[in-house]
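J.: Dropping the structure in here first, questions after.
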Amino acid sequence: MVKRIAVLTSGGDCAGLNATIRSITHHAITHYGWEVFGIRKGTTGLINRPLEYVPLTVEQCDSAVLRSGGTMLGSTNKDNPFSFSNPDGTRSDHSDDFIKGYQELGFDALIGIGGDGSMHILRQLAQKGGINLITIPKTIDNDLGETESAIGYATAVEVATEALDRLQPTAASHQRVMVLEVMGRDAGHIAIASGIAGGADVILVPEIPYKLQNVYNKIKNLTESGRNFALVIVAEAVRDENGEPVVVSMQGERIRYGGVGHYLGEKIIEATGADVRVMVLGHVQRGGQPNAADRIIASAFGVHAVDLIAQGRFDRMVAWKNRDIVDVPIQQAIDAYHSLQLGDVLVRTARGLGICLGDQ
């Protein structure tokens, strides 16, 4: 019989995580009478000794939490329990420590909020330790399969769209080409959605190879038509024209993208002589208040996750499909990774609006 459940946030932060924690806490306590505990720093909270956790209450998770960005529990995107970084720089397997921590606290189930990488690790831990696991999709890149939307995506798109809205008047005032670099580690969903919403002239995404000449031609055509400015939006994972990644640094096996916006800006200046300015939006897309869409989907995900625990249906990820909440096997969601496809509606829409995607 369920009495105590745990919740943790893993991977990069985003808007809507606290709304999810609030939803889980409210529904578990008020509807089922369970105890709810938040694990601090993602999986690290059950590896560290002493264990790092906090009891969650309805009073603690008020409407202010619903509106707040980030995660009140903290997170990690680098401390894999199966390859944990030790103080001396070595790595070792601390998965047993995580499992023992879970067992010591007497939890009956765990809700993990994260992306595909986090879900893969959590599922490995659950299978090894017999943990009753439910996951909730969270990624601003919206590249998780089996769900139409993940927590954080809607707010990230809104932030990027607002940036284009603010860049357009200053671009027109000074006859400039504005290049906006947005997040999108491997997928271009943010770039194409905000590019369409914000009236971009050029949208470059990692899934569609491009030629710089096509970008130059678009800007030239705009100038010849009497337009005195252009808006270019590019996802951070877009490579240079030769197919080489543009990176800031390598952190172990993890690539830290950054700089493609400035690369494009310099190339446009060289080829067209245009006055170009580059803006890298970066983590602004992760921070701040969640918008209404993210608050709603976070709340719905949290309620459904708790109900799955009550029903004894584990190893499931909650998902949004056809205007409803459903659930699918976690591994199925991980395997069904969804990058932007050439036939996707937003790609067709962009082409229909005459937006240059760089391939023609």
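The values are calculated or read from the model by the stated rules, or taken from the named source; none is laboratory data. Remember, predicted model here, so these are calculated numbers, not experimental data. Quick reminder, even Gly has a Cβ in these numbers, built from the backbone with ideal geometry, and neighbours come from all protein chains shown. Surface accessibility is based on the protein's heavy atoms, side chains included, excluding ligands, DNA and RNA. Shrake-Rupley method; radii C 1.70, N 1.55, O 1.52, S 1.80 Å.
J.: Mind pulling the angle between the C-alpha long axis of helix 116-129 and the longest principal axis of the chain? Nearest 10 degrees, somewhere in 0 to 90.
T.: 20 degrees
J.: Considering the options A109, I134, T76, tell which one lies farthest towards the positive end of the dipole of the range 1-147, charges being +1 on Lys and Arg and -1 on Asp and Glu at the Cβ, about the Cα centre.
T.: A109
J.: With a point put 7 Å past each Cα toward its Cβ, work out how far D88 is from D335 in nm, to one decimal.
T.: With each label placed 7 Å out from Cα toward Cβ, I get 4.1 nm.
J.: Also, I was wondering about something else. Take each of the peptides 163-173, 338-348, average the number of other beta-carbon atoms within 10 Å over its residues, and list them starting from the highest.
T.: 163-173, 338-348
J.: Using θ = phi - 60° and the Karplus curve 6.51 cos²θ - 1.76 cosθ + 1.60, what whole-Hz ³J(HN,Hα) does each residue of the range 339-349 get, with Gly and Pro shown as x?
T.: Values, residue by residue: 8, 5, 10, 4, x, 4, 4, 6, 5, 5, 5 Hz.
J.: Once you put a point 7 Å from the Cα of S63 and another 7 Å from the Cα of I325, both along the Cβ direction, what distance in nm separates them?
T.: Once both label points are built, they end up 2.0 nm from each other.
J.: Dipole of the chain, Cα-centred, from +1 at each Lys and Arg C-beta and -1 at each Asp and Glu C-beta, to the nearest 20 debye? Walk me through the numbers before you get to the answer.
T.: Numbers: 33 positive and 41 negative charges, 69 e Å.
In total the dipole reaches around 340 debye.
J.: For the chain, report the accessible area per residue in Å² (1.4 Å probe, heavy atoms, rounded to an integer).
T.: 43 Å²
J.: Please turn the phi angles of the range 87-102 into ³J(HN,Hα) values with the Karplus equation 6.51 cos²θ - 1.76 cosθ + 1.60 (θ = phi - 60°), one per residue in order, whole Hz, x for glycine and proline.
T.: x, 8, x, 7, 10, 8, 7, 10, 5, 5, 5, 4, 5, 5, x, 4
J.: Under 19 Å from the Cα of K218, which lysines turn up, not counting those fewer than eight places away in the same chain?
T.: Once the sequence-local lysines are set aside, what remains near K218 is K267.
J.: Enumerate the calculated ³J(HN,Hα) couplings along the range 154-160 in order (Karplus 6.51 cos²θ - 1.76 cosθ + 1.60, θ = phi - 60°), each rounded to whole Hz, writing x wherever the residue is Gly or Pro.
T.: Using θ = phi - 60°, the values come out as 4, 5, 4, 5, 5, 5, 5 Hz.
J.: Could you point to the label whose value was computed as P(r) over Cα pairs in 10 Å bins from 0, in percent for the structure here, given [x] 5, 25, 37, 26, 7, 0; [y] 5, 20, 24, 20, 16, 10, 4, 1, 0; [z] 5, 24, 30, 21, 13, 6, 1, 0?
T.: [z]
J.: Another question, then. For the pairs K138/K211; K78/K100; K3/K138, flag any whose C-alpha to C-alpha distance is greater than 30 Å.
T.: Going by Cα-Cα distance, K138/K211 fall outside the 30 Å limit.
J.: Give me the extension gain from K3 to A172: residue separation times 0.36 nm, minus the current Cα-Cα distance, reported in nm with one decimal.
T.: 54.8 nm
J.: Placing +1 on the Cβ of each Lys and Arg and -1 on the Cβ of each Asp and Glu in the chain, which of A28, A274, A235 has its Cα farthest towards the positive end of the resulting dipole?
T.: Of the candidates, A28 comes out farthest on the positive side.
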